[in-house]
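We did not get these values from a lab; they are worked out from the coordinates using the rules stated. The model shown is predicted, which means the values in this text are computed figures rather than measured ones. Here the Cβ positions follow ideal geometry from the backbone for every residue, glycine too, while neighbour counts run over all protein chains shown.
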Amino acid sequence: MDCPACGKSMIEESFGDVQVDVCKSGCKGIWFDWGELKELDESYEGVGKAIEEALKSPRVNDDERGPLNCPKCGIAMHAHKYSNAKEVNVDECYGCGGFFLDSGELKVIRENYMSESERDTYVQKLVADTPLGADAERANIRAEACQKIGGLLSRRWPFIWP
Ligand SMILES: [Zn+2]
Ligand SMILES: [Zn+2]
């Protein structure tokens, strides 16, 4: 699978029961499949390592960048844009439910550790910003996935950068 941000080939890495695709040779972005997000457990240390690796790469995205295309479906992904500097923009595919986090976004997380309440606000916005309202079951699964990614984005940092 090619990286949606830089086009380099992504490598699958296993973290416990979960496999994520990492852009090792390029921008260090990380792709989470819909199913991967569902199975993601915050306790997997390996995910932290992948994210740590991502931080070594300079920011590649900028505000002028157009929507990324999903590496799985090829359709334009939805970029969640937030006003708070501590809130990370993620690109989400409404077709397959995958999430892409790129290295620049991960750097922002590192520099702006979210408190518990900020994390909740962030996750609520992520969950609310959905086109799946009519499909209750799918919306619920998505909300759960958003909780997990929100938890992953904030709770891990004290362990990686004490
Ligand atoms: Zn890349
Ligand atoms: Zn997709």
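Overview of values
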quantity: Interchain or long-range residues, amide H under 5 Å from ALA76's placed H; calculated: CYS70
quantity: Protection proxy ranking of 136-144, 71-79, 22-30, 119-127 - average other beta-carbon atoms within 10 Å, highest first; calculated: 22-30, 119-127, 71-79, 136-144
